[in-house]
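**Q** Below is one structure. I have some questions about it.
The values are calculated or read from the model by the stated rules, or taken from the named source; none is laboratory data. Keep in mind that this is a model prediction, so the values were computed, not measured. No Cβ is skipped: glycine too gets one built from the backbone with ideal geometry, and neighbour counts run over all protein chains shown. Side chains included, ligands, DNA and RNA excluded: accessible areas come from the protein's heavy atoms. Shrake-Rupley method; radii C 1.70, N 1.55, O 1.52, S 1.80 Å.
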Amino acid sequence: MYWYGEEIRAYRREVRALLAEPPVRAELDALHERPGTDPDVRALYRELGRRGLLAVNWPARYGGEGRALLDAAVAGEELARAGVPDTLYVNTVQIVGLFLLMAGSEQQKATHLPPLARGERFASVLYTEPGSGSDLGSLSTTAVADEGGGWRLSGVKAFHMKSDLTDIGLCAARTGPAGGRYDGISLFIVDLHAPGVHRRTIGSIADEQFHRIEFDEVQLAPGDLLGPENGGWPLLTQALAIERTGLDYSLKAENWLAAAGAALGPDADAAVCEEVGRYGAAVDGSRLLSWEVLEGLAADRLDESLAAAAKFYCGELAARIGRWAPTRVTGPLPERRAAVLEAAYREAPGLTVAAGTSEMMLEIVASLALDGLAKEAAAW
Amino acid sequence: MYWYGEEIRAYRREVRALLAEPPVRAELDALHERPGTDPDVRALYRELGRRGLLAVNWPARYGGEGRALLDAAVAGEELARAGVPDTLYVNTVQIVGLFLLMAGSEQQKATHLPPLARGERFASVLYTEPGSGSDLGSLSTTAVADEGGGWRLSGVKAFHMKSDLTDIGLCAARTGPAGGRYDGISLFIVDLHAPGVHRRTIGSIADEQFHRIEFDEVQLAPGDLLGPENGGWPLLTQALAIERTGLDYSLKAENWLAAAGAALGPDADAAVCEEVGRYGAAVDGSRLLSWEVLEGLAADRLDESLAAAAKFYCGELAARIGRWAPTRVTGPLPERRAAVLEAAYREAPGLTVAAGTSEMMLEIVASLALDGLAKEAAAW
Amino acid sequence: MVSVEADTVRRSLSRALRERLRDAAGRLPGPGAEDPAAAAAPTWSALVRAGAPGLDAPLDAGGLELGLTASTAVAEELGGAGLDARYLGVAAAIDAALEAGPVRHAALVERLVAGELPVTQAGFEGAVAGVRAGSGADDAVRLTGELAVDAGPETAVLAPVALAGGGTAVVLLAPGGAAVASRDPSGAPSRMTFEGGVVPGARLLCAWPAGADCPEGPAGRARVRQAAYLLGVARGALHTGVRHATERHQFGRPLRDFQSVAFRLAAAHVEVEVLRLAVGRAVHLADGGHPYGHRAAEVLAQAAETAAEVSRLTMQLCGARGLTGELPAHRYHLLVRREGGRLGRPGELWREAGRRRLTALARRDGAG
Amino acid sequence: MVSVEADTVRRSLSRALRERLRDAAGRLPGPGAEDPAAAAAPTWSALVRAGAPGLDAPLDAGGLELGLTASTAVAEELGGAGLDARYLGVAAAIDAALEAGPVRHAALVERLVAGELPVTQAGFEGAVAGVRAGSGADDAVRLTGELAVDAGPETAVLAPVALAGGGTAVVLLAPGGAAVASRDPSGAPSRMTFEGGVVPGARLLCAWPAGADCPEGPAGRARVRQAAYLLGVARGALHTGVRHATERHQFGRPLRDFQSVAFRLAAAHVEVEVLRLAVGRAVHLADGGHPYGHRAAEVLAQAAETAAEVSRLTMQLCGARGLTGELPAHRYHLLVRREGGRLGRPGELWREAGRRRLTALARRDGAG
């Protein structure tokens, strides 16, 4: 993994060439003319989808390119480096898409994946609620079975980004008795254009706004259930883990360090060099960790502890660099660069909270890895 | 408190003059010719005792100078700055002496305090055991009542410094039923020259070695009980709190920073200046915190949370500076200075453990201070 | 002023201000709708009604001469409530205007004391002034260069300018003056561009020690006030964090009952207490006429770092809601960005203070 | 060497060494009785019996040419067991002696590969060499200056010397040579004082990039090995901490069940994993003939800081007993002091690496 083979390098060049095509450039340039806003990037994504840059590792029959997972990671890296806002990509392709591939029925895959791959439809992850953040066991959204074998979904999901314009949601809801915390939870694919779905924006200091979605007796069909009824919790744990390659956070850290570094220049004073040296090694280290996770996923090994470690390390690092970068560069900057760095500062606090708080990640690492370490130590 | 009045400044000058007298200087010089060792400093202490520099704030009838507690702190500061090793002073005068003053009977005070004040006898604090460090509720040393109204003391106390040459010990032992963790504990003043007391050294990487004391059916007289029988726990909590002014730690931090700073010189590079600036402010801040505690004690207010905060802050700071100082100064140094800095490095880890671990201190602050803060916040 | 009164002055001032400022804080708009100028207006009028601009001005300038004791109390309350810091610009401008004696800028001082002119400080974050002053006609001054300013056009700007003859002076730019302003929609400070615009020479208030060695005077006092403001920010953030951790439950327990949360809040509380003592000492020294330049550099650096650290913790505890209008946490986060380095980055301040300390230590070492 | 084999080489080497080193570790004296020379002897003979000195030497010098892959595996195992680092001095001396080609220092290399000459590295911690070399009779070299050395007189010393004509070379001082040694009783490194003593010119092994910009060659390889050693120290300290926290109970629970302990151990574990990956990459690059100077600077700085941080945590968890012979924690604490800055302070290494990165970023930014 320390070394990209020639095949991967060739694919990277291909991706860069596709990203340099005029229709893509035009969409990217248009985005960057509106710094400090939360723009609709669906048109850009359609251009990406047309070029096969979204669902790189999905099988061709679901609209993908049939390439390896590591190729998909390379494409993700290049999208980030080109300045493609990543929320829709991460949610639609990396989380909901990958999860559908892993756990969806044939029917579900055939229905949902191709439009996601083309950048024509988009997906949200709907776990958190106003009253339950890290503690998903306390979620209160319910799906009540009806006579037709379907359910009626009611409750509120909150603090997602871009869910004002997504089309489907991967939603966790209670279907079983109210007693157990982890029993009786099921996962659904919900059509967000259905009657009874109400969306509202929650103002955030970050460029990307939060949204809340209220479900008011939304009708779900039998085919909307993902995995076994009342048996969603283990699946949810798995779904959470595949969010946690850390790669998207590592890429943010890299982008922000690059923006600050370019503004600071090679003649920066010793203190700046020291900080850049330290952050730079950490960024590259975070990438190594993310790739470890990805290599595991590519080989069908889901290492929950490693994934949590990667989310923890990459998220903390990106947050630290996001806070550091704008305060380190003094004096007026070119407008676009200033906008990137200021946005980083305002985005930073969310990075150690989203996709599992740093505390949750440490809890997972502690509970899964320390036993092994204690045994290793005793064997020495 | 930010400002020493003229009276205190005058007393400080007086202390400095006493410390400059030839017999004191001779003892100090002799000490510094044996760097890296754990010397017997009792002769030096006798010189200090003769000059009234030990029990500054004790009443004259107990051998003290009858001055204010803040004067005692000034004397303590000057002793440290003159390079007087502080363990015997802290244990004998600041902890056992002060505690006897607060909680001892008239008879106990009259017997024990004058020789301590003169530097002729010395005291140890005997709480911790091989199996119970922070968790004093698990101590297992027992004192079994005998027919004569006294007790027989058995058990092992460990990890004290200088207890190879002290004369009395303030010892916590179980006198009640084995059931309760905090009930049934009593405090005693134990004669460490009594039959059945066995002492042994435990090698440490720090210059000052640890010792363990084993009590093998040691006879205690009725008058050796300090405070109520079986009611030692609240007293012990109080005794622990008066250990925790943080002043001794703050003084160590100051001494080490001064030694490193003098070696680094005013032409040090920008990175060194930055570190010295940060540590310097923290050292002075730690002193402010210690003086807050002392002012409270002087006014008979024992603020347990503030004391824990001071021990935490001063101990962590001294440990940090102790680790930093020798690695910051590169190249060969004058031998005595090198010895001071290397000893600091080896002493550092103990500073966040002794007199209450940093974790215990945070526990105390959290349990005592956060409620108040929450109320303050709500009132805003 | 007499030192025993200081505590009383601080306490009564804080009490008096707190209620007024609570109203102003209640009227702050949520995230997304922030127009700094509009948001700052209620704060400013509350301060003017309380007579705050004159508290720390000399008696013969129409002030109450209550010293830093008073102005730092105001600053701390503002920071604690997460409110705009323009008050500190006014206090600094009064100090600077009076450096040349009571007469020269008397009219300006009168307007400042009366609260007619909110002032923001800009351009002090680096060691070198970004705006240069050449001479114009008569005693006028011709300005060139750029300045990042985070206030609307209704606010005067106090800024350092590099003089053609060497040295740096501080200039007060009246609203709508010599600059071409552009507002940055991203939330970054706006840019004021000076393309040779001319201001009267009288706007140069006094010399300013750029890249200085622990200055006192207007620059030193401004540092202590900024430190007090950031102490307030740290305290306000801590309050927000503790309160949230007390009210919010997770896994059936208040957040505060989790050891890692409790420990971090306790450690933050200790840091804030140490900062409080250090700021108090700096104020005491300055108001008592003692040397305080070293302390001014130290407390500003310490305050900036403590505020950043505590606000980081609070944002973490408050989670996603901390970024939104549901909790005030985001205010402290944004103020740390805006005010933490306004008068210089902590790193550079620590260097100043550290070099001063090393010099003193070398002297002591040589002496004995 | 072929890259797919690297993992296998490392694994078998580590396994083979571990048992021998466990014996050596078991024979370490406790605190208070430490004589570094005597303590290091069993380690050194275990390594010689395992053929370690020649693993990373070229085939035609009598070595196995297994590259950094092998020597970093040895270094990591030594650090993990808390054992003496003289092996790294030997490996560095072989590299330096071979810079001038296989012939010039052939006899010396033979002795080093045979394990006849333990070597300690000294004087590399600062950017400037403390010993100066003037010319003596014939091609001999006259040394003046001082060196802090933490090994007894039976060990050779590899040290940088400033050449009269400019530049720095590295010299190998045979035991009992040109220096006046004084052993410091405090545990601080001894001082070697050179008062014009003369060594043969042949002892100057090669040029050495003092204060360098991410060097490769002997200096770069020495950095990677030192990083691997410190990775071992970090891992050993972590093992000690986790084990103690698992076995030790407080308030009726294992220490590890306290959230603050669990979180800190988990975070330390993550840091060690990241370091392990980074060291592995540097080794891979160097052995594969790719540029690695930047990575060598980075991993050494990162390893020193991680080892210090993890050992700090372990000492805290082990409490008073960590300072004593009851637990091995103190070994890692002392090694962090002795080895953490041996080839340069982390701060300076980060500067080197950071400047290199800023140059690359500026180039990329300029390019588009």
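**Q** When ligands, DNA and RNA are left out and all protein chains stay put, how many square angstrom of accessible area per residue does the stretch C:4-118 have with a 1.4 Å probe?
**A** Working: 4760 Å² over 115 residues.
Roughly 41 Å² per residue, with all protein chains present.
**Q** So, R0 is 22 Å and r is the distance between the beta-carbons of residue D:363 and residue A:336; what FRET efficiency does that work out to, to 0.05?
**A** 0.65
**Q** Modelling each spin label as a point 7 Å along the Cα-to-Cβ direction, I'd like the residue A:216/residue B:217 distance in nm, to one decimal.
**A** Here the answer is 8.6 nm between the modelled labels.
**Q** Quick one: accessible area per residue over the stretch D:218-366, 1.4 Å probe, rounded to a whole number of Å²?
**A** Solvent-accessible surface per residue comes out at 28 Å².
**Q** Continuing with the same structure: Determine the percent antiparallel among the DSSP beta bridges restricted to the protein assembly as shown, to the nearest 5. Provide the component values of the computation, followed by the final result.
**A** Details: 116 of 140 bridges.
Bridges in the protein assembly as shown that DSSP calls antiparallel: roughly 85 percent.
**Q** Considering protein heavy atoms only and a 1.4 Å probe radius, which residues within the stretch C:136-154 exhibit an accessible-area decrease of no less than 10 Å² in the full assembly relative to the chain by itself?
**A** Hits at the 10 Å² cut-off: C:146, C:148.
**Q** First measure r as the distance between the Cβ atoms of residue C:60 and residue C:99, then evaluate 1/(1 + (r/R0)^6) with R0 = 25 Å and state the FRET efficiency to the nearest 0.05. Can you show the working numbers first?
**A** On the way: r = 15 Å, r/R0 = 0.59.
With R0 = 25 Å, the Cβ-Cβ based efficiency is 0.95.
**Q** State, in angstrom, two size descriptors of chain B derived from its alpha carbons: Rg to one decimal place and Dmax to the nearest whole number.
**A** Using the Cα atoms of chain B, the pair Rg, Dmax is 21.0, 72 Å.
**Q** Then there is this: Against the longest alpha carbon principal axis of chain C, how many degrees, from 0 to 90 and to the nearest 10, is the axis of helix C:86-98 turned?
**A** The angle comes out near 30 degrees.
**Q** Using a probe radius of 1.4 Å on protein heavy atoms only, what is the accessible area buried between chains C and A, both sides summed, to the nearest 100 Å²? Don't jump to the answer; show the numbers that get you there.
**A** Values: alone 17250 and 17220 Å², together 31340 Å².
Summing both sides, the interface buries roughly 3100 Å².
**Q** What whole-number value in Å² describes the accessible area per residue of chain A for a 1.4 Å probe?
**A** Working: 13580 Å² over 380 residues.
Accessible area per residue, chain A: 36 Å².
**Q** Report in % the part of the accessible area of the stretch D:249-354 that belongs to carbon and sulfur, leaving out ligands and nucleic acids; probe 1.4 Å.
**A** Numbers: 1490 of 2900 Å².
Roughly 51 percent, rounded to a whole number.
**Q** With a ≥ b ≥ c the root eigenvalues of the C-alpha gyration tensor of the stretch A:23-165, is it rounded (a/c under 1.5), prolate (a/b larger than b/c) or oblate? Let's see the in-between values first.
**A** Details: a/c = 2.14, a/b = 1.38, b/c = 1.55.
Oblate, because a/c is 1.5 or more while a/b does not exceed b/c.
**Q** In chain C, which residue puts its Cβ closest to the axis that turns chain C onto chain D, and how many whole Å away is it?
**A** C:259, 2
**Q** In Å² (nearest 100), what accessible area is buried between D and C, both sides summed, heavy protein atoms only, 1.4 Å probe?
**A** Details: alone 17220 and 17250 Å², together 34120 Å².
In total, chains D and C hide about 300 Å² from solvent.
**Q** Any chance you could check the stretch A:331-366 for residues losing 30 Å² or more of accessible area when the partner protein chains are in, compared with the chain on its own (1.4 Å probe)?
**A** Those residues are A:332, A:335, A:342, A:345, A:346, A:349, A:353, A:359, A:362, A:363, A:365, A:366.
**Q** Would you mind classifying the stretch C:218-366 by shape? Square roots of the alpha carbon gyration tensor eigenvalues, ordered a ≥ b ≥ c; an a/c under 1.5 is rounded, otherwise it is prolate if a/b is larger than b/c and oblate if not.
**A** Because a/c hits 1.5 or more and a/b exceeds b/c, the stretch C:218-366 counts as prolate.
**Q** What nm distances, shortest first, do you get from the label point of residue D:202 to those in the other copies when the point sits 7 angstrom along Cα to Cβ?
**A** Relative to the other copies, residue D:202 has label-point distances of 8.8 nm.
**Q** Tell me which residues come under 5 Å, amide H to amide H, from residue A:204 once H is placed; ignore anything under 5 positions away on its chain.
**A** When sequence neighbours closer than 5 places are left aside, the close amide H contacts are A:210.
**Q** When the Karplus curve 6.51 cos²θ - 1.76 cosθ + 1.60 is applied with θ = phi - 60°, which whole-Hz ³J(HN,Hα) does each residue of the stretch A:38-49 get, with x for Gly and Pro?
**A** Listing the rounded values in order: 10, x, 7, 9, 5, 5, 4, 5, 5, 5, 5, x Hz.
**Q** Pairs A:162/B:375; B:157/B:311; B:252/B:375; A:375/B:157; A:252/A:375; A:375/B:162: which exceed 26 Å Cα-Cα?
**A** Details: A:162/B:375 38 Å; B:157/B:311 23 Å; B:252/B:375 36 Å; A:375/B:157 32 Å; A:252/A:375 36 Å; A:375/B:162 38 Å.
Distance filter (> 26 Å) returns A:162/B:375; B:252/B:375; A:375/B:157; A:252/A:375; A:375/B:162.
**Q** Here's another thing I want to ask about it. So, with a 1.4 angstrom probe, what is the percent of accessible area on the stretch A:244-375 that is carbon and sulfur?
**A** On the way: 1960 of 3840 Å².
Exposed carbon and sulfur together represent 51 percent of the surface.
**Q** Using a 7 Å offset from Cα along the direction of the beta-carbon, what are the separations from residue D:65 to the same position in each other copy, nm, ascending?
**A** Spacings between copies for this position, smallest first, are 8.9 nm.
**Q** Here's something else I'd like to know. Nm distances between the label at residue B:40 and the same-position labels in the remaining copies, 7 Å along Cα→Cβ, shortest first?
**A** From this label point to the equivalent ones elsewhere in the assembly: 9.0 nm.
**Q** Please enumerate, by chain and number, the aspartates and glutamates with C-alpha under 20 Å from the C-alpha of residue B:109, excluding those fewer than 8 residues away in the same chain.
**A** The reachable aspartates and glutamates, counting only those whose Cα sits under 20 Å from residue B:109, are B:65, B:120, B:167, B:191, B:224, B:229, B:243, B:300.
**Q** Another question about this same structure. Round to a whole number: what % of the accessible area of the stretch B:72-189 belongs to carbon and sulfur, probe 1.4 Å? Could you put the intermediate results ahead of the total?
**A** Working: 1950 of 3520 Å².
On the stretch B:72-189, the fraction of accessible area on carbon and sulfur atoms equals 55 percent.
**Q** Kindly report, to the nearest 10 Å², the accessible surface of residue A:252 as traced by a 1.4 Å probe over protein heavy atoms only.
**A** Approximately 40 Å² of residue A:252 is accessible to the 1.4 Å probe.
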